[in-house]
Structure formats: C-alpha cells, structure tokens
1. Would the range 216-234 turn up any residue that is in contact (Cβ under 8 Å) with a residue 24 or more places away in the chain, within 28 Å of Leu151 (Cα to Cα) and of a type outside the set (Val, Ile, Thr)?
2. If we scan the range 193-206, do we find a residue that is modelled with pLDDT of 90 or more and out of contact with any His (no Cβ under 8 Å at 6 or more places or on another chain)?
3. Sort out for me the strands (runs of 3 or more DSSP E) sitting completely within the range 168-286 that have 2 or more residues that are among the aliphatic types (A, V, I, L, M), surrounded by 15 or more Cβ atoms within 10 Å (Cβ to Cβ) and not assigned by TED's automatic domain parsing to the domain that holds Leu44.
4. Any residue at all in the range 130-148 that is of a type outside the set (D, E, K, R), without any contact (Cβ under 8 Å) to a residue 60 or more places away in the chain and either in a loop (DSSP other than H, G, I, E, B) or not assigned by TED's automatic domain parsing to the domain that holds Lys71 (or both)?
5. Would you call Leu57 farther than 20 Å from Leu146 by Cβ and buried (at least 17 other Cβ atoms within 10 Å of the Cβ)?
6. Name, by its number, the condition in (1) at pLDDT 90 or above; (2) among the hydrophobic types (A, V, I, L, M, F, W, C); (3) within 30 Å of Glu138 (Cα to Cα) that does not hold for Ala286.
7. What are the residue pairs meeting all of these: first residue in the range 156-168, first residue at positive phi and touching a residue at least 40 places away in the same chain (Cβ under 8 Å), second residue surrounded by fewer than 15 Cβ atoms within 10 Å (Cβ to Cβ) and in a loop (DSSP other than H, G, I, E, B), Cβ atoms under 7 Å, and 6 or more apart or on different chains?
8. Collect the residues in the range 195-226 that are hydroxyl-bearing (Ser, Thr, Tyr) and either more than 21 Å from Pro165 (Cα to Cα) or under 26 Å from the mean Cα position of the chain (by Cα) (or both), keeping them in residue-number order.
Amino acid sequence: MGNRKRNSQRMQPSAPTAPSPAAAVAAATHDIFSFVTPTEFVELPSRGRFYPEDHPLVGVETVELRHMTAKEEDILTSEALLRKGLALDRMLQSLLVDKTLKIDDFLVGDKNALVVSSRITGFGPDYKTSVSCPSCGENNDAEFNLEALSLHFADDIGDDIQQTPTGTFMFELPTTNVMVEVRLLTSGTEKKLNDSLTKKKKLNLPDTKSTDLLKAVIVSVAGVTDTGMLSQFVDVMPVRDSRFLRAIYEGIRPDVDLTHEFTCESCTFGGEVIMPLTAEFFWPGA
C-alpha cells in the first residue's frame with residue numbers, strides 16, 4: 001500500500017511552476033521595448049506635382065511621418081537649436097520615416113502640412129492662442145481645431161499660366177509685357193531668406209523683404225536667367241507688375257489654408273485672419 005501510494009503521488013500531474021521574478025521582469029521589459037512608434041501618412045498639398053522631374057518627391061502624394069516622442073521634444077526645447085532657428089526642421093527630419101528625404105527640399109506648403117500633422121499627433125488638435133484684430137489691434141483669445149484645416153491644392157492655375165516640366169510657372173506681366181518664369185519656394189530657400197532678413201535687422205539695414213522674395217522666386221525674365229540681370233530687373237520692376245506677380249504666386253502655391261473667420265470682441269470687426277503660429281503651437285500652455 002505504501003509503495004502504491006507513493007507511485008500514485010508520483011503519477012499525478014505537477015502544479016504549473018510560477019515564473020521567477022527575474023523572468024517576469026524580462027518578459028515585461030521585452031513587451032515595452034518591442035513597442036513600435038505609430039506613424040501617419042500626411043497628404044501633401046502639392047500632391048507631388050510641382051517638383052522637378054528628377055526630384056525625389058515628384059509624383060508623391062503622401063509622406064509617412066512618425067508620431068513625436070520624448071526625443072523630438074528634446075529637439076524642440078534645445079536652446080542651441082532654438083537660437084539657430086533649427087529646432088523645428090531638426091524635429092521634422094527626425095520624424096520622417098524615409099530618411100532619404102530632406103526637409104530643405106520640401107516645398108514650403110508641403111512642409112507646413114508636416115508641421116500641422118506632427119503638432120496634432122504630438123499635442124492634439126486643439127490650439128489656443130491670441131489673435132490681433134486687423135482693425136483695432138486688440139488681442140483676442142482664440143481656439144482653433146487643427147484637424148479642421150483644409151489644404152489648398154492649387155488645382156486651378158488659370159489658362160494664362162504655363163507649368164513647365166521643371167516645376168516652374170510662366171506668365172506675362174501686365175505692364176512690361178514680358179514673360180516671367182517663377183518657382184515655388186522650398187523650405188531651404190525660405191530659411192535663407194529669413195536668415196538674410198535677420199542679419200539685416202541686426203545691422204540696421206533697410207528692409208528688403210518684398211524684393212528679396214521676388215529675386216528668390218524669379219527664374220527668368222524674357223528668357224534671361226543671369227542672376228545679376230534678374231536682380232536689376234526686380235529693382236526697377238513697376239509696382240503693378242510686382243503686385244501682379246505676388247498675387248499669381250499666392251494662387252499657384254499649394255499650402256495649408258490657415259485662414260479663419262474672426263470677430264473682434266472689442267470693435268466687432270469681422271472677417272478672415274491668418275491663424276498665428278506662436279510659441280503655443282508646439283508648447284501648449286507655455
């Protein structure tokens with residue numbers, strides 16, 4: 001009987017062995033470090049239509065962007081990068097899934113779409129800021145839903161505007177009656193313009209923002225491409241032509257539509273204003 005009892009005990013299934021504390025910690029750690037940062041496909045306002053034929057973004061309608069992490073928050077708050085004006089671009093470059101793409105090569109409007117998308121996934125769609133009234137100058141508290149912003153695709157550029165295979169546009173100026181060819185600004189070119197403007201302010205030099213923009217976007221005038229001659233043309237361009245060119249440029253430029261209906265609480269002014277991109281955009285509550 002004693003042997004049978006002992007044999008019976010040996011034949012019974014053994015209770016499951018609980019994992020050791022070390023094994024449990026290792027399993028939990030594996031789960032944490034196997035987490036994959038989610039991504040979003042961001043629609044580009046240009047839909048890849050306004051890039052040169054050999055550009056990596058030609059024909060590209062969406063770009064994959066990672067959600068922001070603590071790493072990108074460190075980039076945004078880096079004092080060194082903020083002083084140099086590089087924090088935002090470095091953050092966006094870090095979020096791009098395709099590392100062969102460079103932020104400087106994006107059209108300004110396409111980069112703006114990436115900025116808005118990264119803000120939504122990082123801090124949510126609600127954006128609280130203040131808006132200055134165009135009429136009385138008073139600041140009004142305002143709240144924007146970034147998910148409600150629309151894209152300006154520049155689908156209808158007009159029959160009198162010709163798009164070239166290199167992504168530029170040609171049209172005739174109304175006063176001088178010459179054919180002018182313009183290109184859309186990239187993020188890199190816009191950065192150079194802003195750097196130049198900052199340097200001129202520090203040196204107390206005259207503000208040449210309008211002519212600097214024209215010199216940056218004009219590729220040719222009446223077939224002339226020499227930069228020195230184009231610069232001279234801009235300096236003597238009739239105001240009617242320069243205003244016409246800037247109006248055309250705004251119409252053909254794909255971008256995020258930042259206009260917003262606004263009513264002033266102080267003077268009851270009503271109309272459209274541009275949503276300001278202030279410090280609260282990436283530092284809500286700052």
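1. Within the range 216-234, one or more residues are in contact (Cβ under 8 Å) with a residue 24 or more places away in the chain, within 28 Å of Leu151 (Cα to Cα) and of a type outside the set (Val, Ile, Thr).
2. Of the residues in the range 193-206, the ones modelled with pLDDT of 90 or more are 193.
Narrowing further to those that are out of contact with any His (no Cβ under 8 Å at 6 or more places or on another chain): 193.
Yes, the conditions are met somewhere in the range 193-206.
3. Values: elements: 169-172, 179-182, 218-221, 255-257, 259-263, 270-274.
Fully inside the range 168-286 and qualifying: 179-182, 218-221.
4. Looking for residues that are of a type outside the set (D, E, K, R), without any contact (Cβ under 8 Å) to a residue 60 or more places away in the chain and either in a loop (DSSP other than H, G, I, E, B) or not assigned by TED's automatic domain parsing to the domain that holds Lys71 (or both), one finds at least one in the range 130-148, hence yes.
5. On the way: farther than 20 Å from Leu146 by Cβ: yes; buried (at least 17 other Cβ atoms within 10 Å of the Cβ): yes.
Yes: the conditions hold for Leu57.
6. Tallying (1) at pLDDT 90 or above; (2) among the hydrophobic types (A, V, I, L, M, F, W, C); (3) within 30 Å of Glu138 (Cα to Cα), Ala286 fails exactly one: (1).
7. Gly167/Pro52
8. Taking the range 195-226 and keeping what is hydroxyl-bearing (Ser, Thr, Tyr), we get 196, 198, 208, 210-211, 220, 225.
Once the filter is applied, which keeps residues that are hydroxyl-bearing (Ser, Thr, Tyr) and either more than 21 Å from Pro165 (Cα to Cα) or under 26 Å from the mean Cα position of the chain (by Cα) (or both), the range 195-226 yields Ser196, Thr198, Thr208, Ser210, Thr211.
The values are calculated or read from the model by the stated rules, or taken from the named source; none is laboratory data. These numbers were taken from a predicted model, which means no experiment stands behind them. Positions of Cβ are generated from backbone atoms using ideal geometry, with glycine treated the same way; all protein chains shown enter the neighbour counts.
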